Amino acid sequence: MSAPAFAPTWVICLCAQWCGTCREYQPLFAQLAAQMSAPMARDRPGVRFAWVDIEDHADLADPFDVETFPTLLIASAAGTHFLGPLLPRIETLTRLLATPQAARAPTQAERELMAALEAQPQVFVVPD
């Protein structure tokens, strides 16, 4: 099987505007995104962050059947490294990103989401 077309490692938060936990997690996620994309963050090149509202982007998010927030997807050209709910603490995500995870082949839904992120990254910008 060939590698998906997306090159960077994507860290995607599947969230909902109505979710209080997501609203509380959003500024922490945005802060980590800014830190990891800063010029001094050369230890993790190519890490990109996205915020996907499951209501606004139901066409992409419905196949994930998100029931617990926040749900994170971490994927790269190697495949899917993590998909599931994560405690809404930035330390938990930082540890997860620092520990290499074995990749599995992405599902069709994951490939479609990655393609959408690559095609229109500005639509999925992490809000400040």
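Overview of results
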item: Criterion violated by Thr80 - all others in (1) in contact with a helix residue (DSSP H, G or I) (Cβ under 7 Å, 6 or more places away or on another chain); (2) more than 16 Å from Glu112 (Cα to Cα) satisfied; result: (2)
item: Residue match in the stretch 68-75 (condition: in contact with a Leu (Cβ under 6 Å, 6 or more places away or on another chain) and among the polar types (S, T, N, Q)); result: yes
item: Scan of the stretch 90-115 for residues that are closer than 17 Å to Ala50 by Cβ, among the charged types (D, E, K, R) and in contact with a Gly (Cβ under 9 Å, 6 or more places away or on another chain), ordered by number; result: Glu110
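Readers should treat all values here as calculations from the given coordinates under stated rules, not as data from a laboratory. Values in this document were obtained by computation on a predicted structure and should not be read as measured data. Heads up, the Cβs are rebuilt from the backbone with ideal geometry, glycines too, and the neighbour counts pull from every protein chain shown.
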